[in-house]
1. Net charge within 12 Å of F108 by Cβ-Cβ distance, Lys/Arg positive one each and Asp/Glu negative one each, not counting F108 itself?
2. Could you give me the ³J(HN,Hα) list for the stretch 6-19, computed from phi with Karplus coefficients 6.51, -1.76, 1.60 and θ = phi - 60°, whole Hz, x at Gly and Pro?
3. On the first, second and third principal axes, largest extent first, how far apart are the outermost C-alpha atoms of the stretch 1-78 in Å?
4. In degrees, nearest 10, range 0 to 90: what is the angle between the Cα axis of helix 21-31 and the longest Cα principal axis of the chain?
5. Output the 0 to 90 degree angle, nearest 10, between the alpha-carbon long axis of helix 112-130 and the longest principal axis computed from the alpha carbons of the chain.
6. Over the chain, what number does the Rg to Rh ratio reach, with both radii from the alpha-carbon atoms and Rh per Kirkwood?
7. Apply the Karplus curve 6.51 cos²θ - 1.76 cosθ + 1.60, θ = phi - 60°, to the phi angles in the stretch 155-170 and return the couplings in whole Hz, x for Gly and Pro.
8. For the pair E20 and K63, what calculated FRET efficiency results from E = 1/(1 + (r/R0)^6), where r is the Cβ-Cβ distance and R0 = 25 Å, to the nearest 0.05?
Amino acid sequence: MSGFIPKKFFLTYGVGYHKEELASFELALRDARIGKFNLVNVSSIIPPGAKMIPAEEGLKYLKAGEIVYCVLSKNSTCEKGRLICASIGIAMPEDENIHGYLSEFHSFGMTREEAGKRAERIAAYMLATTLGYEYDTDEDIMKAKEIMLLNGYKVRTSYISVDAECLQNNQWVTVVAAAVFVP
């Protein structure tokens, strides 16, 4: 039996507020436009040759109720004034014969940019070490623009990130960021 190897993926994020934590999670998934799917959380590999596509295009491949694989970052709080974040980092080699990496990262008190850069560094680290490159997560990402050179391989890194603040005690806020795989 062969498994599902995605050819494409898209990125999305959402925020949900509700007095119940589960309902805030559902509303965050709806805001991210993935609430009508049965999501299966998977680990961090981008298959060789897989393409990142816009969410609008990727959603056309999916039907309500479908089992959908994704890398999902989620965070929730009901503490007034608390800032939460969910991020997905991406590291994709230009060589389509090599797999890439996604990383999920969630935090308290970080802005979306801070958490997004952290997720990006983690994904770049995982790919770099696979390619045999001694990667310093603090220094190397600071030198990088959009494309890094790791042991002779060109690698593109980026992230998607969302943050939200809890507006009142006993009201939940949930943030989600996801990389969603499609056929």
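Values in this text are rule-based calculations from the coordinates and carry no lab data. Worth saying up front: this structure is predicted, and the values here are computed from it rather than measured. As a convention, Cβ positions derive from the backbone with ideal geometry for all residues, glycine included, and neighbour counts pool all protein chains shown.
1. Combined, the nearby Lys, Arg, Asp and Glu give -3.
2. Going residue by residue, I get x, 9, 9, 8, 9, 10, 7, 8, x, 9, x, 10, 6, 6 Hz, with x marking Gly and Pro.
3. So the three principal-axis extents are 42, 23, 21 Å.
4. For 21-31 against the chain, the angle is about 60 degrees.
5. 30
6. Over the Cα atoms of the chain, Rg/Rh equals 1.00.
7. Calculated HN-Hα couplings, in order: 10, 9, 10, 6, 7, 10, 8, 9, 10, 7, 10, 5, 8, 7, 4, 6 Hz.
8. According to the calculation, E is roughly 0.35.
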